[in-house]
Amino acid sequence: MKELSLHLLDVAKNSVTAGAGHVDISLTEDDGGWLTITIRDDGRGMSPEFLARVTDPFTTTRTTRKVGLGLPLYRLAAEQTGGSLDIQSTVGAGTTVTAKFQRRHLDCPPLGDLPGTIALLIQGSPDIEFTYRHATPNGTAELSTAELREVLGEDVSLAEPEIFAWIQDYLTEQEEQAAVSIDPAAMIKGEIT
């Protein structure tokens with residue numbers, strides 16, 4: 001996958017498939033260029049045996065194919081930047097996937113369309129509670145479907161096209177205000193690995 005937002009979508013959809021009622025998506029960027037993406041759910045969780053082999057491409061719960069490349073590719077993307085992937089899971093309690101990326105590393109994929117990804121997740125699973133938070137040194141973008149439901153009322157589905165468009169526009173505005181720019185001059189001078 002060429003963008004981090006696609007990895008985020010893949011992991012969050014795994015949470016939905018695992019029966020999660022709540023999915024918490026958190027991105028934190030620091031002044032040192034490190035990005036930590038944490039996706040936490042309250043789904044079925046994984047057994048210790050399955051967890052031990054979950055990043056093996058030949059381990060999958062899908063019945064339509066014998067390979068699962070999402071987590072192995074996510075781990076590779078993180079490790080190529082000097083980062084890491086950690087997965088914690090408890091049967092019956094849920095799973096937490098944490099990936100760390102050095103954004104200033106030449107091999108770090110771009111973030112991609114985070115507002116579109118979050119809006120798509122919500123539209124595709126309108127009954128699940130999602131919380132999203134992207135904190136940078138410049139500001140924070142955040143959204144909670146519980147708060148949206150409180151404002152809109154129970155009669156309005158979060159799958160409605162107008163709601164999808166509003167979520168995307170709302171998060172785009174917040175992301176622009178919180179954006180962290182990577183200094184190309186620092187890359188040229190060799191200050192960024």
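The values are calculated or read from the model by the stated rules, or taken from the named source; none is laboratory data. The structure displayed is predicted, hence computed values, not measured ones. Reconstructed Cβ throughout: ideal geometry from the backbone, glycine too, with neighbour counts over all protein chains shown.
Whenever a residue of the stretch 142-164 is more than 29 Å from residue 29 (Cβ to Cβ) and touching a residue at least 24 places away in the same chain (Cβ under 8 Å), its partners that are surrounded by 14 or more Cβ atoms within 10 Å (Cβ to Cβ) and not small (Gly, Ala, Ser), lying with C-beta atoms within less than 7 angstrom and at least six residues away or across chains, give the pairs 157/126; 159/123; 159/126.
Number of residues in the stretch 121-156 that are part of a loop (DSSP other than H, G, I, E, B) and either among the acidic types (Asp, Glu) or at pLDDT 95 or above (or both): the value is 6. For the stretch 17-29, the set of residues classified as outside any strand (DSSP E or B) and either buried (at least 20 other Cβ atoms within 10 Å of the Cβ) or modelled with pLDDT of 95 or more (or both) consists of 19, 20, 21, listed by residue number.
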